[in-house]
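Report on one structure; see the data block that follows.
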Amino acid sequence: MSTFRASLSRILPIGIAIFAMLFGAGNIVFPLGLGRETTSQAFYAIAGFLITGILVPILGLVAASFFDGSYKKFLNTIGTIPGSFVAGICMLLLGPLGATPRCITVAYAAVKWHFPELSIFIFSLGAAALVFVATIRRGKIVELLGKILGPIKLVLLLSIVVIGLLSPVTPPPSDLSSWSSFLRGIIEGLGPLDLLATIFFSGLIVSAIKAQAAQEELSSKAILSIGLKAGALGGCLLGIVYTGFCLLAAKYGSQVHFVPKEQLLSVLTMYVVGPKASLLVNATITIACITTAIALTAVFADFLTHEVFLGRINYRYALLLSVTTTFAMANLGFAGVAHVIEPFAALCYPALIALSLANIAHALWGFRFIKTSTFTTFIVTVLLTYFPRFW
């Protein structure tokens, strides 16, 4: 029993931290948007969403864990130069040019609901300052997310889901077939970019596991085991919230048909529990987005320090550069940030899935065709995207 408790005490905070790191703006917006689009076919849609929104990111976590959480070693299996190039693109998508400012724009949409005169300039400036303060002590980030911010986020999100699903409203009929809804879910599940996140967050996770067992000598196998169990827990928590959000939006699909994606949760709450509870919900959105922005910023600043500037600047200067760029991008708004992210993500994602599978196969069975499978997937993706008439 004591062994079980010890194991649980390790896995639980790490699992919640994984959930907190991953569950940001895209994880709110995409399942809600999916539910709104598929209404009565939402169960089929969420089945597809869970495949790409949870299984694929966990795949990336498993693959990176075989390389001791080093995204550099993970990506360099396709070659040093291509690996560095892919790392740079991925980090920009996760960092100040993509997912991080997206988190701030969704948090802004939630806060603006109560303070309509607040400008995105002022809000993003304050959010950037908050992220900077929270990420100065890099080694405490997983602990902060796993023991404080993560549980708060999880309780608030689940409260919204439970209250919403208990309402007697039924989803309107959908024009989509079950198969079309399932495929739509698979596509939308790629939107949160969580595969990129798990690959680059894996270093934080491995470091946190080692820090928990500072007095012990954990083997690589033990670290991998704890990481996988924590990843499975984080994935289950994500799945519960995704399902709840999708079904909640499906119920009120007709009422929120023309609502901007970043405001969906705020508007849905008005229908479910009325204006009095909207403050709690929008606080939840803000916490969810800012906690993810904290984790993303820490990873990007570390990347700048060690990989781009090769240690010639310290972490705090890299952090300042990161939050400054994030602040500037956030002022483009949700749609503007999405316009930057989507083309690059659509090209990179399939190849990263192929690379994850190839690296796992290499670690377990000595698979040797890592470059071939990854580059072939990338070339096919480019051809399908830009030259569809030839297919």
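The numbers here are math on the coordinates, done by the rules we state, and not lab data. If you're wondering where the values come from, they're calculated on a predicted model, not measured in any experiment. Every residue, glycine as well, gets a Cβ built from its backbone with ideal geometry; the counts of neighbours run over all protein chains shown.
Treating each Cα of the stretch 24-182 as an identical point scatterer and summing with the Debye formula, the log10 of I(q)/I(0) at q = 0.09, 0.14, 0.15 Å⁻¹ comes to -0.45, -1.07, -1.19.
Would you mind checking the pairs 112/261; 73/261; 72/371; 73/229; 73/210 and listing those with alpha carbons more than 26 angstrom apart? Cα-Cα > 26 Å for 73/261; rest within. Length gained on full extension, residue 372 to residue 346: 7.4 nm, using 0.36 nm per residue less the C-alpha separation. Checking every one of the chymotrypsin sites (Phe, Trp or Tyr not before Pro) in the stretch 48-121 against DSSP loop status and a limit of 10 other Cβ atoms within 10 Å picks out no site at all. Computed with the Debye formula from one identical point scatterer per Cα of the chain, without solvent, the log10 of I(q)/I(0) at q = 0.06, 0.10 Å⁻¹ comes to -0.22, -0.63. Dividing the Cα radius of gyration of the stretch 233-346 by 2.2 N^0.38 Å, with N the residue count, gives 1.36.
Potential lengthening of the chain between residue 115 and residue 364 amounts to 84.3 nm, from the contour at 0.36 nm per residue minus the alpha-carbon distance. Hull surface divided by four, with the convex hull built on the Cα atoms of the stretch 53-97: how many nm²? Mean orientational projected area (the stretch 53-97, Cα hull): 3.4 nm². When the trypsin sites (Lys or Arg not before Pro) in the stretch 273-351 are filtered for DSSP coil states and for at most 12 other beta-carbon atoms within 10 Å of their beta-carbon, the remaining sites are 312.
Spacing of the modelled spin labels on residue 9 and residue 162, each 7 Å from Cα toward Cβ, amounts to 2.7 nm. Sorted largest first, the principal axis extents computed over the alpha-carbon atoms of the stretch 214-295 equal 55, 23, 20 Å.
Hydrodynamic radius of the stretch 1-104 by the Kirkwood approach over all distinct alpha-carbon pairs: 16.4 Å. DSSP loop (so not H, G, I, E, B), at most 13 other Cβ within 10 Å: list which GluC sites (Glu not before Pro) in the stretch 169-247 pass both filters. Those that pass, being in a loop and sparsely packed, are 216, 217. Left without a cysteine partner by the 4.7 Å Cβ rule in the chain: 90, 236, 246, 348. Here the calculated FRET efficiency for residue 220 and residue 307, from their Cβ-Cβ distance with R0 = 22 Å, stands at 0.40, rounded to the nearest 0.05.
With the simple spin-label model, which puts each label point 7 Å out from Cα in the Cβ direction, the residue 271 to residue 386 separation comes to 4.1 nm.
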